[in-house]
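Every number here is computed from the coordinates shown, using simple stated rules; none is lab data. Please read these numbers as outputs of a predicted model, since none were measured by experiment. Cβ placement follows ideal geometry from the backbone for every residue including glycine, while neighbour counts extend to all protein chains displayed.
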């Protein structure tokens, strides 16, 4: 049993009156407790829009023992002037250090922290029931209670225009006793950069409400509850994380959610558990099936602060959105699409581009550092979207483009133009260009055709037919391919050698694109002539 150290003189003088009022309405005071909270969702299409107090706690969870979550603590803030209490959760990092949300330490709706003269913050460890704790009285049997000596809040913490960097580190006046007998244990933090993958199973615990705002259990009974959530991607939770996706993560359950009272509590992964997040905010009235949002401990912008930095690296934030650009006026099959990353603050050093169908399947078509995607014919009729991840030393931020027009079937033929034909002796070079209006890949074939003398087919002689003296002469057309050399801008050169003299040679160019559409064939002609022999001058005697 731990006795709390004496409170400040000014606080102690008024605490008797405050406690009398608090004890008389304790269930209501703690059940509807509010600390300074992020925005609450409105009834609009985005469940995270709007403003108002919101203190997350667990809906449809199971009642749990502190022995299952020995790192969980109960954080109680007593506002002396208002005569009110507010409660949050937290986690034990070591015997004197508690991790919680920054909004658990500020004035309602602001980022202005309470001063020591305005309020006192207490931490209760080893408790399966937080409602029975009272400052200045001995802690209930098995519990440890201590007053917070100092509060560090992330220097980038903000609640407007969007919530970000919602984390605080509390230092206790006296160390906790960490032991299985006391149901107290420090929890390790997830490695920096190791944000839980979408689909990962996560665990959350807290002392908050067990039913939504309209249910009969709208006031917490103070018992510890827990539930299991599933991690989802920043893109799937873009309505919640907004521009601050690097420092926020989301998880959801179809049967439970967080609600008033769990703010600052630990979101954990695995066994043995590591803490991956801090309960931050959720949707109005705590509906199930809507993502809950957590401060992402794996983000270096958050992690470096927790570990002592007062100027942690800042993750990139989007300043203008990504776009999908097509070569032509609208995207067609076999035509390359380019995902432009948009503009970002704080100098991203790496980009990852994910191209996916924008429909119920959301099939990922390509993901990696490359930002060019060529749609096959199987995607005709499918609208596409590009999801960009921008990374720098502060973390990885996510943004998405607007949906591109549905892929159409290419119907436009490529274009081809003949250039100069230059011949020397028995070799010729033909210049030409081949391009496609939609940037579809083209295939070029150039050939030279000319007449050659061949053996005539033998005819069967009749018995009475006399032997012919003169042999007939037959001709056939020989076609030979030209070797192609590609230049820039769709320019080509086609060369051929060992052509005959004195014959009309027809040069033919055929161009088609990857969609199988052909340009009209082009041709030109030439006849090669033997060079005249040079006459030698006779020598004079």
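A few points about this structure:
- Shape metrics for the stretch 332-471, restricted to C-alpha atoms - Rg then Dmax, Å: 29.1, 102
- Pair-distance distribution P(r) for the stretch 239-383, from all Cα-Cα distances in 5 Å bins starting at 0: 2, 8, 12, 15, 15, 14, 14, 10, 6, 3, 1 percent.
- Measuring between their Cα centroids, the stretch 313-363 and the stretch 495-530 lie 43 Å from each other.
- Debye-sum result for the stretch 318-400 in log10 I(q)/I(0), which assumes one identical scatterer on each alpha carbon, at q = 0.12, 0.13, 0.16 Å⁻¹: -0.35, -0.41, -0.60
- Computed from label points 7 Å out along Cα-Cβ, the spacing between residue 447 and residue 230 is 5.8 nm.
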